[in-house]
1. Towards the positive end of the charge dipole of the protein assembly as shown, with charges on Cβ (+1 Lys, Arg; -1 Asp, Glu), say which of B:66, A:57, A:104 has the farthest Cα.
2. Computed over the Cα atoms of the protein assembly as shown, what is the ratio Rg over Rh, Rh following Kirkwood?
3. Where the eigenvalues come from the Cα gyration tensor of segment A:64-114, what are the semi-axes √(5λ) of the equivalent ellipsoid, largest first, in whole Å?
4. From the phi angles alone, apply the Karplus equation (6.51, -1.76, 1.60; θ = phi - 60°) to segment B:37-54 and give each ³J(HN,Hα) in whole Hz, x where the residue is Gly or Pro.
5. What whole number of Å gives the distance from the Cα centroid of segment B:13-32 to the Cα centroid of segment A:64-84?
6. What percent does the relative contact order of chain A come to when contacts are Cα pairs within less than 8 Å and at least six residues apart?
7. Rounded to the nearest Å, what's the spacing between the alpha carbon centres of segment A:16-30 and segment B:54-111? Just the number, please.
8. Identify which of B:75, B:58, B:94 has the largest mean-square fluctuation in a Gaussian network model of chain B, with springs joining Cα atoms closer than 10 Å.
Amino acid sequence: GNSVTQMEGPVTLSEEAFLTINCTYTATGYPSLFWYVQYPGEGLQLLLKATKADDKGSNKGFEATYRKETTSFHLEKGSVQVSDSAVYFCALSRSLTGANNLFFGTGTRLTVIP
Amino acid sequence: DTGVSQNPRHKITKRGQNVTFRCDPISEHNRLYWYRQTLGQGPEFLTYFQNEAQLEKSRLLSDRFSAERPKGSFSTLEIQRTEQGDSAMYLCASSLGGDSTDTQYFGPGTRLTVL
C-alpha cells in the first residue's frame with residue numbers, strides 16, 4: 001500500500017541552524033511527493049512538491065529531492081528562522097483510481113529559538 | 001480571499017447529535033476532498049468529488065457520515081449520531097484535477113469536539 005514515514009519530532013533548533021527532516025515513502029509505481037506546512041493557527045499550505053525521480057522542489061529556502069533509489073524526500077533548509085516554526089507534513093499522491101488523494105506522514109513539529 | 005473556506009471553524013456537540021460542516025472550494029476547482037486529522041497525526045483521506053459526483057470513499061467513512069456536493073460547487077459533510085471518537089479536525093481541500101501531480105489547496109478546517 002501507500003504510506004509515508006516521517007522523522008519524529010519535536011525538533012528544536014537555534015536560528016540560522018541547518019534543518020533536515022527525513023521522509024521515506026512506500027508506494028506502487030511513481031507517486032508525486034509533497035511537503036505541506038502548518039503554521040500555528042493556520043491551515044495546511046503547500047511548501048513544495050516533486051513529481052518525478054530526481055526532481056528537486058524548492059520554496060522559501062526549503063528544498064527536497066525525489067530519490068527513487070532510496071524512496072526518500074527529505075526536507076532541508078540551510079538557515080532556519082524563527083518564522084519557520086511550524087508542523088511539517090510529508091505526503092504522497094498516487095493515482096490508481098483517479099482520486100489522487102494524499103497520504104500524509106504524522107508530521108514533525110519544528111521550533112526555532114532566537 | 002479566493003482560498004478554500006470552511007464553516008464553522010469550531011463545533012462542540014453532545015454525543016448522539018447530528019452535525020453538518022460546509023466547504024467552499026476555490027471557484028474553478030473541479031475536485032473537492034475531505035480529510036480528517038486527529039491530534040498528533042497527519043490528515044487521513046475520507047472522500048472526494050469530481051464536480052458533483054462522489055467518486056471514492058475511504059473505509060474510514062462509516063455509514064454515519066455522508067457528504068454531498070450538489071451543484072459541483074460547495075460541499076457538506078454530515079455526521080449523524082456523533083460519537084466521542086469523531087472528535088477531530090475535518091479538512092477540506094480542492095484542486096483543478098488531473099494526474100497525481102495535481103496540487104490540493106486546504107481550508108482552515110472545522111474542529112469538532114464531541115462531549
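The values are calculated or read from the model by the stated rules, or taken from the named source; none is laboratory data. As the structure is a prediction and not an experimental result, all values here were calculated from the model. Here the Cβ positions follow ideal geometry from the backbone for every residue, glycine too, while neighbour counts run over all protein chains shown. The area values use the complete protein model at the heavy-atom level, side chains included, leaving out ligands, DNA and RNA. Shrake-Rupley method; radii C 1.70, N 1.55, O 1.52, S 1.80 Å.
1. B:66
2. 0.97
3. 27, 14, 8
4. Residue by residue, segment B:37-54 yields 10, 9, 4, x, 10, x, x, 10, 5, 10, 6, 8, 10, 10, 6, 8, 8, 8 Hz.
5. Taking the Cα centre of each part, segment A:64-84 and segment B:13-32 sit 33 Å apart.
6. Worked out over chain A, it gives 37 percent.
7. Result: 26 Å between the Cα centres.
8. Looking only at B:75, B:58, B:94, the largest GNM fluctuation is found for B:58.
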